[in-house]
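A short write-up of the structure that comes next.
Read-outs throughout are calculated quantities, based only on the coordinates presented, and are distinct from any laboratory measurement. These numbers were taken from a predicted model, which means no experiment stands behind them. Cβ: placed from backbone, ideal geometry, glycine included. Neighbour counts: every protein chain shown.
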Amino acid sequence: KAALDFLATAANKKEVEKTIVPDKEVEKPKKVSKPKSYKLASRDYKAEDTIIKVNDILIGGNNFIVIGGPCSVESHEQIFQCAQFAKENGTQILRGGCFKPRTSPYSFQGMGFDGLNELKSAGKKYEMPIITEVLSSEQVAEVALNSDIVQIGARNMQNFSLLKEVGRIHRPVMLKRGMMSSLDELLNAAEYILAHGNRQVILCERGIRTFETATRNTLDLSAIPFLKELTHLPIIVDPSHAIGVRDKVAPLAKAAKVVGAHGVMIEFHPDPDKALSDGEQSLTFEQYGELMKDLHAL
């Protein structure tokens, strides 16, 4: 009886299988890509990499550069000492803050145009282009006359009147990513500059704000390959502001080169513990020299 029941069940199963219509292959819905709100910054507009020439230095393409110097220009002696060391260790561009956007109004705000004059003199003596930040539209024209590259800081990434103003100058502009800004927002900010006539825009990843408190910010290294796919603009990484701890800057700088950044911007100081701003993230001369050797070897 058990054998008969089994055969009956098997026969019924075959009959049931005959009634089952095989599923047709379900067509997957086509992915609808959202139109980019930026155009001039897009690879669709320009497929090849933009390469920006500053004196004899090329930024972008297959080139890798180092921008180095103190967070702030503090004195004639300090910036000249930094410039000499930077030059001796293969740094291509000298940085130094003259107008400082500080969280506290009681913190050192920079030497202003006096600091810019010192930075310019140091760059001239050691034959290095210079970069410094502008905070307002009123500063742009005079800073552009004296600085080879004009920097827009993270806090001003979406200061649209300032972006329009630097869009009218004929100096390269380094645009830092805002601490809570998406890549789309960064590229749209760059679009403001490009759309107003200045096609010499350099992007800078400097870390974003997350829930992590061990570091000052979180360096978004994943942004580099994504940006290189989305845009033709050069991309620089600032590990100093991202990590905020001098002993951890070097690994991030080396990682930035490995993932394809076009350069890094590093802060160093003759005596970081006595620096008037961001001393905790500034490398010593010895650390900076070692980092330059390591970057050259990669």
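Taking a ≥ b ≥ c as the square roots of the Cα gyration tensor eigenvalues, with a/c under 1.5 meaning rounded and otherwise prolate when a/b beats b/c, else oblate, which class fits region 40-297? In terms of gyration-tensor shape, rounded. The calculated FRET efficiency for residue 158 paired with residue 286, based on their beta-carbon distance and R0 = 45 Å, is about 0.70. May I ask you to list the GluC sites (Glu not before Pro) in region 158-263 that are in a DSSP loop and have at most 16 other Cβ atoms within 10 Å of their Cβ? In loop regions of region 158-263 (DSSP not H, G, I, E or B), the sparsely surrounded GluC sites (Glu not before Pro) are 212. Measuring between their Cα centroids, region 90-104 and region 247-287 lie 12 Å from each other.
Measuring between their Cα centroids, region 106-145 and region 155-179 lie 16 Å from each other. What is the distance in Å between the Cα centroid of region 212-241 and that of region 62-82? Going from one Cα centre to the other spans 21 Å.
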